[in-house]
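Below is one structure, written out as structure tokens; the observations come after it.
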């Protein structure tokens, strides 16, 4: 059911195709985050129209509410939220650490307290797989421990052994399920040798794809880029690589340049809901007073629903007045921009001019427009 | 630019057409409320798709934010919010009383304090017309005083004289503007003689349509229905009648039966945002626990976007999780229902079976579904 084919490279950047039961994904790809079975403020049809190929759901959140068993009884996540294209779920490993209350990690798994009602729960590798089987996403993740940053080398090394043991148990629990692709997650903090050990051990387990976790958690950007470049030289070329939780438009370009195929991040939607959107000219604070009478769309060259129909002045007014339509219009624009950015990056790879493309856009793409 | 034609009657119920510069309105009609140039959570294209023929904007709110002059500079309200169909604005009379702080009514006008920043402003009849000219709605309202309920007869009688004087001043200020239709507003509380006096005085001023204000403000429903029936016998048959701020689906049917052509109310959208929607079977509390695993749409016979695509279980989950998409989907359904209800009522009038139609639906249409 799952095949990855590498179509072209440009430097270390890769253009590929990943086939899933819900259709083909052209890579590199950016996945909007639909935490609790909804990409905030948007309908599935809007997501489709703005070019989202695949979205992400959060296992931790869906487990707590409405519950994976309920979603399974209602036909799985695709049917529940009426999204026909591919879905990826994370394993809950990151959220149990970052969101929940009292957390206790043992070799068996993680005991944690719900951030919603304080109830106690236990995630084990087997449980994380069971939940993700019930949700039914196309691509699912092994249960991992994501060490905090900073952490001692000894902590990260210990944690890595746990994560590798859990990866084996996830592989085992996943069994011969061939309708969902289970990815292993590379950990090891900012330590090159641990990262290498992690990648090599996962490769032994023959996962159909590899995630890179534990980055974008507070380390220097240079550490992130070094680790990603290192892994690019280790991970197999014939399987997709997914850099979890990254990032700004510039981060996407820099990591595509280092062989990454898949990304997810709340940034475009979260920032949009606060009135800050991404454009080819940089970040635009659309709720700023300077746009009060600006009849131009957010981005004059943009073909998204928002830019085809509404002025900066109107969107700014919606934010000023607390009207939810403002959040929607800004979210549509920013996700459309991310989809377009990554499509253009792909085209540049196919035409072997990715470095030029990056050089052209990197200088301003993450900067805030001041004019 | 404005012509009303009465196409058919069934009992006292009327089916007509009202032509405006932005197109023809089939009456009876329900107007969704877009307070600050946005029908909350919805895009103009969604409103069009769900069958909204005309929407309402609030002069008081738009005056305070973003300001009528800004909207005028940006090309008027239609262009500002990208809505191509007709718009009606109220005069701000109701909101200065109900929303603002310290209010002082004099023969000259009303001095009031903004509910947003406490700043002081003065609305006079001339000012209300000036603001509405700047906004550029197709149908605009004379500035009136809407007396509170209950109020003494003496207060209501005095207030009515002020409102009639203001109506004359609005007529004068409107001048020969023929791109906007100015309606006079009948006041007079629950007093038949004052209502009659009000209607007759306005008819002398030859407005192209009449609004009925000061109802649905706390009086008994029987008083409302009696006053509307009384006015049906007085107001000219060749001009549209607009009952302001009404109401439930049952209220619509009862007042169509008494000769009303136009309605507006925040109820379908406000209730929807709280998880309560209207259906042909009654009100459905879609966020109720009993719908947790209900795979049916809100209304099985409904053709709206929400019912074509999503289950009660999913919408309930969105409300439980505080996801804004829930409010949107519920708003779409309820406004679609209001549009369909009034279209079906119109059809029943054309076929002279409106009383049967009402008899069939009134018993349950305002009741809450308990099953």
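The values are calculated or read from the model by the stated rules, or taken from the named source; none is laboratory data. Keep in mind that what you see is a predicted model, and the values were worked out from it rather than measured. No Cβ is skipped: glycine too gets one built from the backbone with ideal geometry, and neighbour counts run over all protein chains shown.
Things worth noting here:
- Residue, farthest from residue A:245 (Cα to Cα), within the stretch A:32-44, restricted to residues that are surrounded by fewer than 24 Cβ atoms within 10 Å (Cβ to Cβ) and more than 8 Å from chain B (Cβ to nearest Cβ): A:35
- Residue count, the stretch A:327-359 (criterion: facing chain B (nearest Cβ under 8 Å) and not in a helix (DSSP H, G or I)): 0
- Within the stretch B:235-273, being out of contact with any strand residue (DSSP E or B) (no Cβ under 9 Å at 6 or more places or on another chain) and over 12 Å from residue B:12 (Cα atoms) holds for B:250, B:273.
- Segments classed as helices (runs of 4 or more DSSP H), wholly inside the stretch B:41-86, with at least 2 members that are over 24 Å from residue B:18 (Cβ atoms) and modelled with pLDDT of 95 or more: B:59-64, B:68-73
- Unique residue being touching a helix residue (DSSP H, G or I) at 6+ places or on another chain (Cβ under 7 Å) and either within 30 Å of residue A:22 (Cα to Cα) or buried (at least 24 other Cβ atoms within 10 Å of the Cβ) (or both) when the list is A:127, A:169: A:169
- Exactly one residue out of B:62, B:50 is touching a helix residue (DSSP H, G or I) at 6+ places or on another chain (Cβ under 7 Å), within 11 Å of another protein chain (Cβ to nearest Cβ) and crowded, with 16+ Cβ neighbours inside 10 Å, and it is B:62.
- Here the strands (runs of 3 or more DSSP E) wholly within the stretch B:212-315 that include at least 1 residues being surrounded by fewer than 21 Cβ atoms within 10 Å (Cβ to Cβ) and in contact with a helix residue (DSSP H, G or I) (Cβ under 6 Å, 6 or more places away or on another chain) are B:282-285.
- Test result for residue B:102, touching a residue at least 60 places away in the same chain (Cβ under 8 Å) and in the same structural domain as residue B:180 (by TED's automatic domain parsing): no
- Residues (buried (at least 24 other Cβ atoms within 10 Å of the Cβ) and over 11 Å from residue B:345 (Cα atoms)) located in the stretch B:17-29: B:18, B:25
- The stretch A:316-326, residues that are part of a helix (DSSP H, G or I) and more than 7 Å from chain B (Cβ to nearest Cβ): A:316, A:319, A:326
- Residue pairs meeting the criteria (Cβ under 7 Å; at least 6 apart or on separate chains; first on the phi < 0 side of the Ramachandran plot and touching a residue at least 60 places away in the same chain (Cβ under 8 Å), in the stretch B:345-371; second part of a loop (DSSP other than H, G, I, E, B) and surrounded by 20 or more Cβ atoms within 10 Å (Cβ to Cβ)): B:345/B:28; B:346/B:28; B:354/B:257; B:358/B:257
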